[in-house]
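Enquirer: Below: one structure in structure tokens.
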Amino acid sequence: MKKKLLWEELRRQGKKPRHHRLLLAGALLLIVLLAGGLWYRANLDGILEKRYQKALALREAGDLSGADELLLELQARHPDCARAPEALLEAANVLNHGLGRYQAALLAYLSLEREYAAAPQVGVARRQVAELYKYRLDDQPRAIAVFQRLLDDAGEDVDRLQYEVADCYFRLNNFEQARIEFENLLRHYPASSLAPEVQYRVAVTLVLDGEAEPAMKAFREVPARWPQDPYAVEARFGLATVLEERERLREALAILEELQGVYPNREALTQRIEHLKGRIDKKHTSR
């Protein structure tokens, strides 16, 4: 009865109990929060775009750690946003090319491939993975596997990918398989700008495998087919080396003397010529 009378008195005075005022305040706060949430959702793309652009600005300003942190945070908190794959790729690139944190970069590239398999950034990430394995982590078998996958999927730059596979085998000292891969490149992409170098390297693998006669033939083919290419000069120098090893000293000397004024390492060429002349003189006097 007392509560009822109190309520009637408060109503008459235009007042409400304290708990009613709290409920009203809570309701108003909820409305504000809901409105804020709706506004945030409606403007989320713009907010994330600003964060992405801020990260790129930090990178350009030289704050690589700050840029990387912001990019990774954007992708982690909003993995479904349109910028997420691109943010993860840019973060991986900063780790790789800017900060030199190669293992962390590798994990970021692999995460991109795993989480966004259909994204256009995956091809770029996969290429970076292959190059990290090859050039930074010295894991040639894994590099071969990734380059081969890229080669199977690629529509362009296939000659370069084939070259990378061959070079990985060369770094493993598997000269026979390297030669097979180099010869595949020449057979399938004869117009490649890499062809003169590849033919030269075929000859080198033959030398390393002790195949002197085929190596000399391969060396001769470079200046015969690409006389103006820098590798034509290198091939003639390589041919002279093999001829000298075969004790065909005068033939080797003639080739080296023709390279005077052409071979880029003038000092090395002069030393080789003098060395050969000394060997020829010694051989002549010993008869």
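Enquirer: Hey, with R₀ at 22 Å, roughly what FRET efficiency would Glu115 and Gln148 work out to, going by the Cβ-Cβ distance, to 0.05?
Expert: Calculated value: 0.45.
Enquirer: Turning to a different aspect of this structure: Averaged per residue, what accessible surface does the stretch 156-236 expose to a 1.4 Å probe, in Å²?
Expert: 49 Å²
Enquirer: Moving on. For the stretch 100-239, what % of the accessible area comes from carbon and sulfur atoms, probe 1.4 Å?
Expert: Percent of accessible area from carbon and sulfur atoms in the stretch 100-239: 48.
Enquirer: At what distance in nm do the modelled label points of Glu69 and Arg248 sit from each other, each positioned 7 Å from its Cα along Cα→Cβ?
Expert: So the two model labels end up 6.6 nm from each other.
Enquirer: Can you give the FRET efficiency to the nearest 0.05 for Glu49 and Asp139, using r as the Cβ-Cβ distance and R₀ = 30 Å?
Expert: The pair Glu49/Asp139 has a calculated efficiency of 0.20.
Enquirer: Work out the FRET efficiency for Leu172 and Glu131 from their Cβ-Cβ distance, taking R0 = 25 Å, and round it to the nearest 0.05.
Expert: Using R0 = 25 Å, I get an efficiency of 0.90.
Enquirer: May I ask you to rank Leu253, Leu99 by accessible area, largest first, using a 1.4 Å probe over the protein chains only?
Expert: Result of the area sort, largest leading: Leu99, Leu253.
Enquirer: Right, next: By its C-alpha gyration tensor, with a ≥ b ≥ c as the square roots of the eigenvalues, how is the stretch 112-189 shaped: rounded for a/c under 1.5, else prolate for a/b larger than b/c, else oblate?
Expert: Note, shape of the stretch 112-189 comes out oblate.
Enquirer: Within the set of other residues whose C-beta is less than 10 Å from the C-beta of Ala119, count the net charge using Lys and Arg as +1 and Asp and Glu as -1.
Expert: Overall, the nearby charge balance is -3.
The values are calculated or read from the model by the stated rules, or taken from the named source; none is laboratory data. Note that this is a predicted model, so its numbers are computed, not measured. Cβ atoms come from the backbone with ideal geometry, glycine included; neighbour counts cover every protein chain shown. These area figures cover heavy atoms from the full protein model, side chains too; ligands, DNA and RNA do not enter into them. Shrake-Rupley method; radii C 1.70, N 1.55, O 1.52, S 1.80 Å.
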